[in-house]
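For reference, the structure is listed below as structure tokens.
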Amino acid sequence: MAFSRELLKTFAAVPVGQRVLVVNDSPNGDAEALLQLGFNVEVLPTEGAQDNIQNRLIALSPDDSRWRVLNSNHELTSERYHWVIYQMPDAGDVKPVDDLSLYRESLRSGGWIYLRCPLSEANAKATYSPRLLQHWVQDANLAEASAPWHVSDENELHAIYRRVDEDTPA
């Protein structure tokens with residue numbers, strides 16, 4: 001599957017034109033699908049995938065005014081994005097709280113984080129659970145917007161969280 005159909009169902013209800021950061025997109029293609037739907041997309045690709053993603057986006061939209069591929073050492077701007085799509089890595093050396101805190105800071109107040117978590121019985125370090133996610137997002141000061149759910153055809157756990165500050169409108 002080139003992109004997450006489950007993610008696109010969610011974004012069908014989101015107003016287009018919003019700024020979205022897609023983290024670890026390769027090889028999913030979520031950035032391409034969101035760009036085609038009319039979103040302004042910035043991609044923070046997996047290691048070594050920057051040129052591949054850049055070429056795919058150029059082929060889709062030679063006018064790069066609605067998209068940008070960031071390099072791995074790019075410092076994220078505070079309160080820039082409406083949404084962060086985070087494909088959590090399936091490697092063992094993940095520091096999810098650090099990553100989630102960083103992406104929370106890059107969200108505008110009231111912004112959303114959509115998590116895609118790979119499920120694998122073969123590697124216990126790569127298996128995510130609703131309980132682990134709950135612990136990590138609480139430590140990252142995120143509010144649960146949608147309880148985690150299993151997407152069987154993608155073999156992933158998906159969840160949506162929100163940055164809620166004192167001044168965030170209800």
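A few remarks follow.
- Dipole in debye (nearest 20) - the chain, about Cα centre, beta carbon charges: Lys, Arg +1; Asp, Glu -1: 320 debye
- Here's how it looks for Tyr128: its modeled amide H is under 5 Å from those of Ser120, which are all 5 or more places away or on a different chain.
- Relative protection proxy for 51-64, 9-22, 33-46, 152-165, from highest mean packing down: 33-46, 152-165, 9-22, 51-64 (other beta-carbon atoms within 10 angstrom).
- Long-range HN-HN contacts of Gly111 with modeled amide H, under 5 Å: Arg163
- The range 1-107 - percent of accessible surface contributed by carbon and sulfur, probe 1.4 Å: 45 percent
- Positive-end extreme of charge dipole, the chain - chosen from Gly48, Ala13, His135 (charges on Cβ): Ala13
- Kirkwood Rh, angstrom, the chain [1 / mean 1/r, Cα pairs]: 16.2 Å
- Based on protein heavy atoms only, the chain ends up with 52 Å² per residue of surface accessible to a 1.4 Å probe.
The values are calculated or read from the model by the stated rules, or taken from the named source; none is laboratory data. Predicted model only: the values in this text are computed from it and were never measured. Backbone-built Cβ (ideal geometry, glycine too); neighbour counts: all protein chains shown. Just the protein is used for accessible areas: all its heavy atoms, side chains included, with ligands, DNA and RNA removed. Shrake-Rupley method; radii C 1.70, N 1.55, O 1.52, S 1.80 Å.
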